[in-house]
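The values are calculated or read from the model by the stated rules, or taken from the named source; none is laboratory data. A quick note: this is a predicted structure, and the numbers were derived from the prediction, not measured. FYI the Cβ positions are ideal-geometry reconstructions off the backbone, even for glycines, and counts take in every protein chain you see. SASA here: full protein model, heavy atoms, side chains in, ligands and nucleic acids out. Shrake-Rupley method; radii C 1.70, N 1.55, O 1.52, S 1.80 Å.
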Amino acid sequence: MRGIRIMLVSLLIAAFAAALFAQDMKDPGRRNVEFNASDGTTLSGYLALPSGSGRKPAVLMIHEWWGLNHDTVLLADALAEKGFVVLAADAFRGSVAREAVDARAQIGSTPREQIAGDLDAALDYLKRHPRADSSRIASLGFCFGGTHSMLMGTRRSDLAAVVIFYGGGPITEAGQLGVLGSGGPVLGIYGEEDGGIPVDQVRAFEAAMNSRGIENTVNVYPGVGHAFVKSDSYNKGGAPERAWKQMVDFLKTEL
């Protein structure tokens, strides 16, 4: 009995310690790599590597409007487990918001050209990484990051695929699509009940890509709104898990 009591006490202590030191998803995410922006500023990101050795297909992951937080790091790790080199970029140079008002403010205060330049620098770093196959790289983003994954696709023909998770402001004019699709197909994932991205905008984006002959798959998931794929939902069934699996299968096929 004494041994059982000791074991139970040990388990309780371990559970308490785990709860005490558990990271919130909105906490700043860990950074483990550095590289330079075009203006010489030192940028950072989180690099998640798959098991094994040799060059692997790679993904540049772009965070939501909160910034590079713990949620993004967990998603990068989950994708790396599927065999991809994943670089979670930081579009806000270290700034991470916890409240919507602060997230909106950091978007408004960060020059759009700086964001694009920093993300391009992250992509170039990823292309040079010895574990990454530079001919098989995709951009992927969520929310704010989905928008910037789309925009990166319009200016970077070296992307082998582009993944957009509910990026606001889908491009509806074919003439503004730039080089999108020239290096590989586009996958767009949206929520039917997303109040900020009406379904008719999504379908207009799809129509614009079709008019340009851009290979694309656009899926609107019923019953869900914005930001439905998170580190605590992507593997728990329902639309989040189906959307995550669709993305993984797409990347495995295209990269």
Q: Under a cut-off of 19 Å between alpha-carbon atoms, report the lysines in cross-link reach of K230, not counting same-chain residues fewer than 8 places apart.
A: K26, K82, K245
Q: Mind running the shape call on segment 117-255? Use the C-alpha gyration tensor, a ≥ b ≥ c as the square roots of the eigenvalues: rounded below 1.5 for a/c, prolate if a/b tops b/c, oblate otherwise.
A: oblate
Q) In the calculated pair distance distribution of segment 181-255, what percentage of Cα-Cα distances lie above 21 Å? A) 31
Q) Taking the DSSP beta bridges in the chain as the whole, what percent of them are antiparallel, to the nearest 5? A) 25
Q) What number, rounded to the nearest 500 deg cm²/dmol, is the helix-based mean residue ellipticity at 222 nm of the chain, given -39500 (n - 2.57) per DSSP H run of at least four residues and division by all its residues? A) -12500 deg cm²/dmol
Q.
Please report the equivalent ellipsoid semi-axes of segment 74-151, computed as sqrt(5 x eigenvalue) of the Cα gyration tensor, largest first, in whole Å.
A. 24, 15, 10
Q: Could you state the orientation-averaged shadow area of the convex hull built on the Cα atoms of segment 132-211, in nm² to one decimal?
A: 4.8
Q | Solvent-accessible surface (1.4 angstrom probe) belonging to W66, in square angstrom, nearest 10 | A | 40
**Q.** Restricting segment 68-152 to chymotrypsin sites (Phe, Trp or Tyr not before Pro) in coil, as DSSP defines it, with at most 11 other Cβ within 10 Å
**A.** none
Q) Taking a 1.4 Å probe, which of S211, S231 shows the most accessible area, and what order do the others take after it? A) S211, S231
**Q.** Equivalent ellipsoid semi-axes - Cα gyration tensor, the chain, angstrom
**A.** 32, 21, 19
